[in-house]
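Enquirer: Input: one structure, supplied below.
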Amino acid sequence: MRFNQMRRYLKHATDKTLSRMLKELEADNLVARTAHPEVPPRVGYTLTERGRSLVAVLDKLCDWGIENRR
């Protein structure tokens, strides 16, 4: 997924916050960043195997949140 796609999906996140979070996720080996040497530059982000292993856990947390919403 590209940065602008994420920015459109996460409407309330600022560019600075999204950029910082992506750098942290990359440092934690949860997200891989791929830079394509083009004009204009293009960068894509994908989940690593470690990142994909969290999907089931996060889905369960979302389910719990929905069930316990007040």
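The values are calculated or read from the model by the stated rules, or taken from the named source; none is laboratory data. This one's a predicted model, so the numbers in the text were calculated from it and none came from an experiment. Backbone-built Cβ (ideal geometry, glycine too); neighbour counts: all protein chains shown.
Enquirer: Quick check on VAL57: is it aliphatic (A, V, I, L, M), exposed (fewer than 10 other Cβ atoms within 10 Å of the Cβ) and more than 12 Å from the chain's Cα centre (by Cα)?
Expert: Taking the combined requirement at face value, the residue satisfies it.
Enquirer: If we keep just the residues of the range 22-55 that are modelled with pLDDT under 95 and outside any strand (DSSP E or B), which is nearest to PHE3 (Cα to Cα)?
Expert: PRO41
Enquirer: Does the range 5-21 hold any residues that are assigned to a helix (DSSP H, G or I) and surrounded by 11 or more Cβ atoms within 10 Å (Cβ to Cβ), and which are they?
Expert: GLN5, MET6, ARG7, THR17, LEU18, SER19, ARG20, MET21
Enquirer: Could you list, in sequence order, all residues of the range 25-54 that are surrounded by 11 or more Cβ atoms within 10 Å (Cβ to Cβ) and among the charged types (D, E, K, R)?
Expert: GLU26, ASP28, ARG33, ARG42, ARG50, ARG52
Enquirer: Residues ARG7, ARG2: which one is in contact (Cβ under 8 Å) with a residue 24 or more places away in the chain and either touching a Pro at 6+ places or on another chain (Cβ under 9 Å) or of a type in the set (D, E, K, R) (or both)?
Expert: On inspection, the qualifying residue turns out to be ARG2.
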